[in-house]
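The next block holds one structure in the form of structure tokens; read it before the comments.
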Amino acid sequence: MRILLVVLALLATPALAIEPVLRPSARLLFKQPELLQAGSCVVYEEGGSGWIATEPVYYLKGQIVSAEIRTRHLGKCPLVSGKNMAQYSREEFNRHAKAFPCVAPDVPERDEQIGIVRVRVNDWETPYAKRTENAGRLYRAAFIDQALAKNMEIELEADLLSVCE
């Protein structure tokens with residue numbers, strides 16, 4: 001009976017502010033901030049899958065400008081009716097990539113804490129083949145829909161980056 005009264009009392013009180021969930025990128029910044037110090041060399045890579053005949057690895061390399069944790073509202077992912085991600089055009093893929101992270105249509109929108117790293121671009125290698133247009137953020141000397149240029153700055157989630165070798 002006592003437990004029931006406590007539960008009823010909790011339900012009757014105004015809801016307390018719920019802390020946004022930490023995404024892996026935010027946990028990385030909390031647990032290992034030394035890996036993402038300003039000036040450090042980092043690389044973002046795509047491709048390389050396969051056991052026998054591996055795909056080429058495409059990359060973007062640069063220096064960390066800043067790293068921070070931000071609260072971001074995760075809205076619904078933009079979907080294209082009748083297509084799966086592999087069938088998206090580059091424009092449709094870019095719209096999805098810009099909205100990411102996002103939630104599926106049947107999942108409630110929510111706030112999450114995200115570890116964001118601002119990177120000054122130094123070097124890159126991107127795919128050019130038409131079949132790779134919706135395979136990743138890197139395509140035809142662009143990052144999503146921005147033409148790559150030396151010293152431009154982009155933002156990525158911390159857990160997508162590796163320390164340069």
(request) Please identify, among Pro56, Pro101, Pro78, the residue showing maximal mean-square fluctuation in a Gaussian network model of the chain using a 10 angstrom Cα cutoff. (result) Pro56
(message) So with the 1.4 Å probe, I'd like the accessible area per residue for the chain, rounded to whole Å².
(response) 64
(message) Which one, Val43, Leu160, Tyr88, is farthest towards the positive end of the dipole of the chain when Lys and Arg carry +1 and Asp and Glu -1 on their Cβ?
(response) Tyr88
(request) Evaluate E = 1/(1 + (r/R0)^6) for His73 and Ala142, where r is the Cβ-Cβ distance and R0 equals 22 Å; express this FRET efficiency to the nearest 0.05. (result) 0.25
(message) Only four residue types carry charge here, +1 at the Cβ of Lys and Arg and -1 at the Cβ of Asp and Glu. Report the dipole size of region 39-92 about the Cα centre in Debye, rounded to the nearest 20.
(response) 240
(request) Run the 1.4 Å probe and let me know the accessible area of Asp106, rounded to the nearest 10 Å². (result) 130
(request) For a label point 7 Å from the Cα of Arg120 along Cα→C-beta, name the residues of region 45-59 whose backbone N is under 13 Å from it. (result) none
(request) Give the Kirkwood hydrodynamic radius (Å, one decimal) of region 51-98, defined as one over the mean of 1/r across all pairs of different Cα atoms. (result) 14.8
(message) Could you tell me what a quarter of the Cα convex hull surface of the chain works out to, in nm² with one decimal place?
(response) 14.4
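Mean separation of Cα pairs under 8 Å and 6+ residues apart, divided by the residue count of region 14-165: what relative contact order is that in percent?
Once divided by the residue count of region 14-165, the mean separation gives 32 percent.
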(request) Pop out the carbon and sulfur fraction of the accessible area of the chain as a percent, whole number, probe 1.4 Å. (result) 57
(message) Counting only helical runs of four or more DSSP H residues, what would the 222 nm mean residue ellipticity of the chain come to if each run contributes -39,500 (n - 2.57) and the total is spread over all its residues?
(response) -5000 deg cm²/dmol
(request) Specify the angular offset, from 0 to 90 degrees and rounded to the nearest 10, of the alpha carbon long axis of helix 90-99 from the longest principal axis of the alpha carbons in the chain. (result) 40
(message) Compute the distance from the alpha-carbon center of region 47-113 to that of region 130-151, in whole Å.
(response) 13
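Give, as a single signed number, the net charge of other residues whose beta carbon lies under 13 Å from the beta carbon of Glu45, with Lys and Arg counted +1 and Asp and Glu -1.
In short, -4.
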(request) With +1 on each Lys and Arg Cβ and -1 on each Asp and Glu Cβ, and nothing else charged, work out how big the dipole of region 39-165 is about its Cα centre, in Debye to the nearest 20. (result) 360
(message) Can you tally the lysine pairs in region 32-165 where the Cα-Cα distance is under 25 Å and the two residues are eight or more apart, or on different chains?
(response) 9
(request) Please build a GNM for the chain, connecting alpha carbons under 10 Å apart, and tell me which residue among Glu45, Glu68, Glu92 fluctuates the most. (result) Glu92
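The values are calculated or read from the model by the stated rules, or taken from the named source; none is laboratory data. These numbers come from a predicted model, not from an experiment. Note: ideal-geometry Cβ built from the backbone for every residue, glycine included; neighbour counts use all protein chains shown. Please note that ligands, DNA and RNA were not included when accessible areas were found on the heavy atoms of the full protein model with its side chains. Shrake-Rupley method; radii C 1.70, N 1.55, O 1.52, S 1.80 Å.
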